[in-house]
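This report concerns only the one structure given below.
The values are calculated or read from the model by the stated rules, or taken from the named source; none is laboratory data. Note that the structure is predicted; figures quoted are calculated from it, not measured. No Cβ is skipped: glycine too gets one built from the backbone with ideal geometry, and neighbour counts run over all protein chains shown.
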Amino acid sequence: MHWPLLLAFTSVVAPSAHALLRFPCSQLVTQRFDPLVTPGEVSPHVHQIVGGNAFNLTMDPNNDLPNMATCTTCRFQEDKSNYWTAVMYFKHPNGSYTRVPQIPNHFTGSPNGGMTVYYIQPPNLEPVTAFRKGFRMITGNPMLRSYDKIDPDSAEAYAVTFRCWESTAPFDPSNMSPPGVGNYDTVHLPNKKCPGGIRANIFFPSCWDGVNLDSPDHKSHVAFMTGRVDRNTGLILRSGTCPSTHPVRIPLLFYEVYWDTRPFNDMWPTDGSQPFVLSMGDPTGYGHHGDYVFGWEGDSLQRAMNTCTDIGGVPEGCRELTLVTDAQINSCTQRPQVNEIVEGSYLEKLPGCNPIQAGPASATMVANCDAVSTTGFRSDPTSVNAPEVTASPAIITAAPAH
């Protein structure tokens, strides 16, 4: 959102005070890793990952990520967390695939792709408990291919949406509504050309059980606020109550990913079919999802939540945290460790075992997937500076998706 617009929106529909952090994170690496759902194994589908460079195949919750990481792709030096989502591809008429690039969101500087991350505080600046070491969670379900069984007024129905921008201008009418609502946002991938590109909106639950840092499904320890969602305002500045099972209010974590679909508009299929597909073989968008592993230094996030109470969310306004430059975040990268091409050229098929499954039934995993990847994993995958193994590459088989 454009911040003057957000301020105006807040004064009209949500007059109680809010606060947030909003900052860019550039691309760290793009590969088939998902250490939450498939730790120690290559993921079935490609993800784009941002954040601290201690990201690895296992992400043991006992790891001290802030001390292991030597840099971060995010605007605040203290934030060594990792954030990741699925990747978008364009399917050409001949059946080949090209990765859709990501570009900077409005008013975020010049990060190299990646995403915009928000930490949003509740109305009236109610006390919010920052995430703790070892905390992680996911939102969305990559197997979904319809919302038929989801209450359209529930938080889940607004958690993952897409915006079809009519132009790249921040004051364009297609950028005047909160994420997930208005005439330009849909719960599925837009079924028309978007002259300004497509933005994915991904919200996480903002209530915690106060005990578990994770759960077997990476979801049960968190919950969305109770009650029906206002169709005019969505989730970003929503008031509400946490359920009794999850009474602790945590920051509302929100991702915006700007997919530059503009170069493909002239290649739109002549039959009018929607040509974009997410990396798990999802042409609908219902299966979009996000993952999060907490990695802030010490109590820096809690201090920021306590003192950085500007609704504008401009990073420079939070003096509690240390800023890093575009050059610094763009130089923080990892070399892909899975020996396969996932971007930068035409692909005969989506990496992994991901045939197109359009639904409406939920997607299913490919049985006996024979898509293996050779890789030169570091000798110690939890060590950021360990040398890569180049001889006798390991054979890693794809594991079930989440």
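Do we find a residue being in a loop (DSSP other than H, G, I, E, B), surrounded by fewer than 16 Cβ atoms within 10 Å (Cβ to Cβ) and among the small types (G, A, S) anywhere in segment 280-290? No, segment 280-290 contains no residue that is in a loop (DSSP other than H, G, I, E, B), surrounded by fewer than 16 Cβ atoms within 10 Å (Cβ to Cβ) and among the small types (G, A, S). Based on this model, can you work out whether N232 counts as in contact with a Pro (Cβ under 7 Å, 6 or more places away or on another chain) and either surrounded by fewer than 23 Cβ atoms within 10 Å (Cβ to Cβ) or outside any loop (DSSP other than H, G, I, E, B) (or both)? In short, no. Inside segment 319-348, residues that are part of a loop (DSSP other than H, G, I, E, B), surrounded by 15 or more Cβ atoms within 10 Å (Cβ to Cβ) and not acidic (D, E) make up a count of 8. Checked against (1) within 27 Å of Y158 (Cα to Cα); (2) surrounded by fewer than 20 Cβ atoms within 10 Å (Cβ to Cβ), F294 passes all but a single condition, namely (2). Among the residues of segment 186-195, are any under 16 Å from A159 (Cα atoms), among the hydrophobic types (A, V, I, L, M, F, W, C) and touching a residue at least 24 places away in the same chain (Cβ under 8 Å)? Yes, because at least one residue in segment 186-195 is under 16 Å from A159 (Cα atoms), among the hydrophobic types (A, V, I, L, M, F, W, C) and touching a residue at least 24 places away in the same chain (Cβ under 8 Å).
In segment 15-39, which residue that is hydrophobic (A, V, I, L, M, F, W, C) and in a loop (DSSP other than H, G, I, E, B) is surrounded by the fewest Cβ atoms within 10 Å (Cβ to Cβ)? The selected residue is A17.
Could you please give the count of residues in segment 40-85 that are within 20 Å of P216 (Cβ to Cβ), among the small types (G, A, S) and either out of contact with any Phe, Trp or Tyr (no Cβ under 8 Å at 6 or more places or on another chain) or outside any loop (DSSP other than H, G, I, E, B) (or both)? Qualifying residue count, segment 40-85: 1.
Checking the stated criteria, A130 turns out to be touching a Leu at 6+ places or on another chain (Cβ under 7 Å) and of a type outside the set (K, R). Out of P111, P101, one residue alone is touching a Ser or Thr at 6+ places or on another chain (Cβ under 8 Å), in contact (Cβ under 8 Å) with a residue 60 or more places away in the chain and either surrounded by 15 or more Cβ atoms within 10 Å (Cβ to Cβ) or not charged (D, E, K, R) (or both). It is P111.
Of N368, N354, N339, which residue is out of contact with any strand residue (DSSP E or B) (no Cβ under 7 Å at 6 or more places or on another chain), under 20 Å from Q48 (Cβ atoms) and either aliphatic (A, V, I, L, M) or at pLDDT 50 or above (or both)?
N354 is the lone residue from the list that is out of contact with any strand residue (DSSP E or B) (no Cβ under 7 Å at 6 or more places or on another chain), under 20 Å from Q48 (Cβ atoms) and either aliphatic (A, V, I, L, M) or at pLDDT 50 or above (or both).
Taking segment 205-220 as the range and being of a type outside the set (G, A, S) and in a loop (DSSP other than H, G, I, E, B) as the test, the residues that pass are P205, D209, V211, N212, L213, D214, P216, D217, H218, K219.
Of the candidates G140, G180, the single residue that is in contact with a Phe, Trp or Tyr (Cβ under 7 Å, 6 or more places away or on another chain), of a type outside the set (A, V, I, L, M) and at positive phi is G180. Here T226 passes the criteria (1) part of a loop (DSSP other than H, G, I, E, B); (2) within 17 Å of the chain's Cα centre (by Cα); (3) closer than 29 Å to P123 by Cα except the one numbered (2). Evaluate segment 285-300: report whether one residue or more is touching a residue at least 40 places away in the same chain (Cβ under 8 Å), over 19 Å from R32 (Cα atoms) and of a type in the set (V, I, T). No, that holds for no residue.
Residues in segment 247-278 that are on the phi < 0 side of the Ramachandran plot, part of a loop (DSSP other than H, G, I, E, B) and either touching a helix residue (DSSP H, G or I) at 6+ places or on another chain (Cβ under 9 Å) or surrounded by fewer than 22 Cβ atoms within 10 Å (Cβ to Cβ) (or both): 10 in all. What's the number of the only condition in (1) over 23 Å from G313 (Cα atoms); (2) at pLDDT 95 or above; (3) crowded, with 16+ Cβ neighbours inside 10 Å that C71 fails to meet? The single condition C71 does not satisfy is (1).
Close contacts from segment 131-159, counting a first residue that is buried (at least 16 other Cβ atoms within 10 Å of the Cβ) and a second that is modelled with pLDDT of 95 or more and in a helix (DSSP H, G or I), with Cβ to Cβ under 8 Å and a gap of 6+ residues or different chains, come to F131/L301; T139/A159; G140/A159.
Based on this model, can you work out whether E316 counts as surrounded by fewer than 21 Cβ atoms within 10 Å (Cβ to Cβ), within 22 Å of L20 (Cβ to Cβ) and at pLDDT 95 or above? Considered against the rule, which asks whether it is surrounded by fewer than 21 Cβ atoms within 10 Å (Cβ to Cβ), within 22 Å of L20 (Cβ to Cβ) and at pLDDT 95 or above, E316 comes out as no.
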